[in-house]
1. Every residue in segment 49-65 that is more than 10 Å from the ligand (Cβ to nearest atom) and open to solvent by less than 40 Å² (accessible area, probe 1.4 Å), please.
2. Which of the residues belonging to segment 139-151 are outside any loop (DSSP other than H, G, I, E, B), in contact (Cβ under 8 Å) with a residue 40 or more places away in the chain and open to solvent by 70 Å² or more (accessible area, probe 1.4 Å)?
3. Just give me the residues in segment 87-136 being assigned to a strand (DSSP E or B), of a type in the set (D, E, K, R) and within 12 Å of the ligand (Cβ to nearest atom), in sequence order.
4. So Asp105 clears everything in (1) at pLDDT below 95; (2) buried (at least 18 other Cβ atoms within 10 Å of the Cβ) except one condition, right? Which one?
5. Suppose we filter Glu17, Glu35 for residues that are within 16 Å of the ligand (Cβ to nearest atom) and either at pLDDT 95 or above or surrounded by fewer than 16 Cβ atoms within 10 Å (Cβ to Cβ) (or both); which single one remains?
6. Kindly indicate whether Ile46 is within 16 Å of Ile138 (Cβ to Cβ), within 15 Å of the ligand (Cβ to nearest atom) and at pLDDT 95 or above.
7. Yes or no: segment 1-14 includes at least one residue that is within 16 Å of the ligand (Cβ to nearest atom), in contact with a strand residue (DSSP E or B) (Cβ under 7 Å, 6 or more places away or on another chain) and not in a loop (DSSP other than H, G, I, E, B).
8. Can you spot a residue in segment 158-172 that is in a strand (DSSP E or B) and charged (D, E, K, R)?
Amino acid sequence: MTGPRVGVLALQGDFREHLAVLTGLGADAVPVRRERELDQVAGLVIPGGESTVMDKLSRTFGLAAPLRERIDAGMPVYGTCAGLIMLADRITDGLGDQRTIGGLDVTVRRNAFGNQNDSFEADLDVTGLDGPVHAVFIRAPVVEQVGPAAEAIATVPDGRVVAVRQGGLLGTSFHPEITGETRFHRMLLDLL
Ligand code: GLN
C-alpha cells in the first residue's frame, strides 16, 4: 500500500532528490509541472534551485495562481531554499519584477550569507525534532523577519532564522534532501 500522493514542483532545481526522499518514506511522490498534476496531490515540496527562474516558469506554466489558491485552501507545502523564497510573503531583494507565491508571513533575503560563505554546513536544533539536524546551506536565503502568523523553528549560531513553520507550511533555508535527513519530509507527510 502506498501513502498519500504528494507532489514536488518540478519546473527547475533539485526536484529529483526530493522525489527520492519522499518515495523512500513510502509516499506516492510525483513531479508537478501542470495545473492538472497539482490538482491530484495532497501536499507539495518546492525544491531548491533558483527562485527567479522558478518564479518565471511558475507563471509561464500557469501554476502560480492555482498554487496560491491551494495554499490558501490549506494544502501543506514544504519549501527548501529557493522553495522557501517562493513561499515567503515578502522578499527584500528580489530580482527585477520577481514575485513569490507567498503564504508564509515572513520576509526573506536571497543569498544572505554573502560570497565568503556561499555554502556552509552547521548542526542545528530544530523545534519539534529530537536531535540535531546537519544543515547544508547553498547560496541560502535567511528569514529576516518573522511575522505574527509564522514561527521560527531553527536559527544558525549567530541567531539568524533559517527554518519557519506556519500551520501546514514549512520552510528551510537549507537542503535536507542531500544529507539523508528525512524528518522534514516526514513532517510534511504527517500533515496530509
Ligand atoms: N540563491 C537561490 C535563489 O535565490 C537559492 C539557492 C538554492 O536554492 N540553493 O533562488
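The values are calculated or read from the model by the stated rules, or taken from the named source; none is laboratory data. Model, not experiment: these values are computed from the prediction. Methodologically, a virtual Cβ is constructed for each residue, glycine included, from the backbone with ideal geometry; neighbour enumeration extends over all protein chains shown. Keep in mind that these areas ignore ligands, DNA and RNA; they rest on the heavy atoms of the full protein, side chains included. Shrake-Rupley method; radii C 1.70, N 1.55, O 1.52, S 1.80 Å.
1. Answer for segment 49-65, where residues must be more than 10 Å from the ligand (Cβ to nearest atom) and open to solvent by less than 40 Å² (accessible area, probe 1.4 Å): Ser58, Gly62, Leu63, Ala64.
2. Matches in segment 139-151: Glu144, Gln145.
3. Passing the criteria: only Arg109.
4. All conditions are met except number (1).
5. Glu17
6. Yes.
7. To start, the set of residues in segment 1-14 that are within 16 Å of the ligand (Cβ to nearest atom) comprises 8-14.
Applying the additional criterion that residues be in contact with a strand residue (DSSP E or B) (Cβ under 7 Å, 6 or more places away or on another chain) yields 8-10.
Imposing the further condition that a residue be not in a loop (DSSP other than H, G, I, E, B) reduces the set to 8-9.
Yes, some residue in segment 1-14 is within 16 Å of the ligand (Cβ to nearest atom), in contact with a strand residue (DSSP E or B) (Cβ under 7 Å, 6 or more places away or on another chain) and not in a loop (DSSP other than H, G, I, E, B).
8. From segment 158-172, those in a strand (DSSP E or B) are 161-166, 169-172; that's our starting set.
So of that shortlist, the ones also charged (D, E, K, R) come out as 165.
Within segment 158-172, one or more residues are in a strand (DSSP E or B) and charged (D, E, K, R).
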